[in-house]
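So the structure is just underneath, and the comments pick up after that.
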């Protein structure tokens, strides 16, 4: 038996590029600089930009990409997901963490953390929603995406295993979309004054 016959079949899709940690580190450095500099405009820009990207990508993925993929044939889903996950693997957690962290420091700088009730209820609502979004994203969606990605990269992916992994996934994504819309409502309230 020759050596080529014993080789494992090639994996499908794009590998995870660990060089992405470089731009993740740069993004965190920009956030840290905005916090340390004390410039309100810069901190607000970082918060609004990352929050807008996080929310926009989440809603687009949940309401456009998700339904489109569910209707596509397996090989099309496989081809798209094995290329999409390596991209979103780095961007989504980075956006979530920077949005929440910069938002916390921004709220402190503009005095929202010192508000009395009932205005402070808006702060509690924002903190609660961002915490749920971040924990769901990092503790459930990210690991599920990775498990599905690694399964899809196998030469013969296990369909029932992927189905089991995705069974609750769509409900969590629906919750994420609903919470993203609610956080926009709350942020609009902050922007127009409590």
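Per the conditions (1) in contact (Cβ under 8 Å) with a residue 40 or more places away in the chain; (2) under 30 Å from residue 37 (Cβ atoms); (3) part of a loop (DSSP other than H, G, I, E, B), the sole criterion not satisfied by residue 116 is (1). Looking across segment 68-89, the residues that are in a helix (DSSP H, G or I), loosely packed, with under 11 Cβ neighbours inside 10 Å and modelled with pLDDT of 85 or more come down to 71, 75.
Quick check: anything in segment 96-103 in contact with a helix residue (DSSP H, G or I) (Cβ under 8 Å, 6 or more places away or on another chain), surrounded by fewer than 19 Cβ atoms within 10 Å (Cβ to Cβ) and either on the phi < 0 side of the Ramachandran plot or modelled with pLDDT under 90 (or both)? Scanning segment 96-103, I find no residue that is in contact with a helix residue (DSSP H, G or I) (Cβ under 8 Å, 6 or more places away or on another chain), surrounded by fewer than 19 Cβ atoms within 10 Å (Cβ to Cβ) and either on the phi < 0 side of the Ramachandran plot or modelled with pLDDT under 90 (or both), so the answer is no. Here residue 194 clears all of (1) in a helix (DSSP H, G or I); (2) touching a helix residue (DSSP H, G or I) at 6+ places or on another chain (Cβ under 7 Å) except the condition numbered (1). The residue list 130, 172, 123, 148 contains one member that is surrounded by fewer than 17 Cβ atoms within 10 Å (Cβ to Cβ) and either assigned to a helix (DSSP H, G or I) or out of contact with any helix residue (DSSP H, G or I) (no Cβ under 6 Å at 6 or more places or on another chain) (or both), which is 172. Checking the condition surrounded by fewer than 10 Cβ atoms within 10 Å (Cβ to Cβ), assigned to a helix (DSSP H, G or I) and at pLDDT 85 or above, which residue from 54, 41 passes? When all the criteria are applied, what remains is 41.
The values are calculated or read from the model by the stated rules, or taken from the named source; none is laboratory data. Just so we're clear, the structure is a prediction, and the values are computed from it rather than from any experiment. Methodologically, a virtual Cβ is constructed for each residue, glycine included, from the backbone with ideal geometry; neighbour enumeration extends over all protein chains shown.
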